[in-house]
């Protein structure tokens, strides 16, 4: 496994939390821990981990709901921890909600590191063409595709996974008009073609984040009749 990764552990069992933290620190990783799902969601937003280890059975908000919410803000690998009594249906449920892998407690340290390594390798292998790739449609706008990070001037803009995917399509074809259906097809697949309201929602969200004046946008331009393009120039001073 790569060393120096930031791993977030979300578990309400203090002894298990401490044990996993010790395993990961010995393997050379930075560790962020959270004692419940709400704290875990906050930590994921604030610390941007490279991977998340998430317990299923927690009070108030369980791991399934936490997994669903995490997938709205990040696409990093999520490893679910399940108990002996967890059935196959629950495992499938977790994977359907966006988890990448699961393992049953108790477990050995070598198994934990191996499963985490599989998750990280699978994620890296899923987009080899995007490694170390930058898209720079203007002098001020830089999209780091390997880290899914957007920088405008000296400002880093946080993007949710789907926001990033919509923006990546627009920037990839900067200066060219894309219809609602073209964006839908590339981001959501052909089954969502014909639903322009979905694209409009994400365009609105992106403008709120990247435009100086969302009501008078410069970067994401609308075309009468339905379509958008990303500008290839920065706003004039």
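Residue-level analysis places residue 11 among those that are surrounded by 16 or more Cβ atoms within 10 Å (Cβ to Cβ) and in contact with a helix residue (DSSP H, G or I) (Cβ under 7 Å, 6 or more places away or on another chain).
The single condition from (1) surrounded by 12 or more Cβ atoms within 10 Å (Cβ to Cβ); (2) assigned to a loop (DSSP other than H, G, I, E, B) that residue 224 fails is (1). List every residue pair whose Cβ atoms sit under 9 Å apart, with the two residues 6 or more apart in sequence or on different chains, where the first one lies in the stretch 150-176 and is touching a residue at least 24 places away in the same chain (Cβ under 8 Å) and the second, anywhere, is exposed (fewer than 15 other Cβ atoms within 10 Å of the Cβ) and in a strand (DSSP E or B). As it stands, the answer is 150/156, since those pairs meet every condition given. Restricted to strands (runs of 3 or more DSSP E) entirely inside the stretch 22-111, no element has at least 2 residues that are surrounded by 16 or more Cβ atoms within 10 Å (Cβ to Cβ) and at positive phi.
If you check residue 91 against the conditions, is it assigned by TED's automatic domain parsing to the domain that holds residue 118, more than 18 Å from residue 15 (Cα to Cα) and in contact with a strand residue (DSSP E or B) (Cβ under 9 Å, 6 or more places away or on another chain)? So residue 91 passes the test.
The values are calculated or read from the model by the stated rules, or taken from the named source; none is laboratory data. Computed from a predicted structure; not experimentally measured. All Cβ positions, glycine included, derive from the backbone under ideal geometry; neighbour counts span all protein chains shown.
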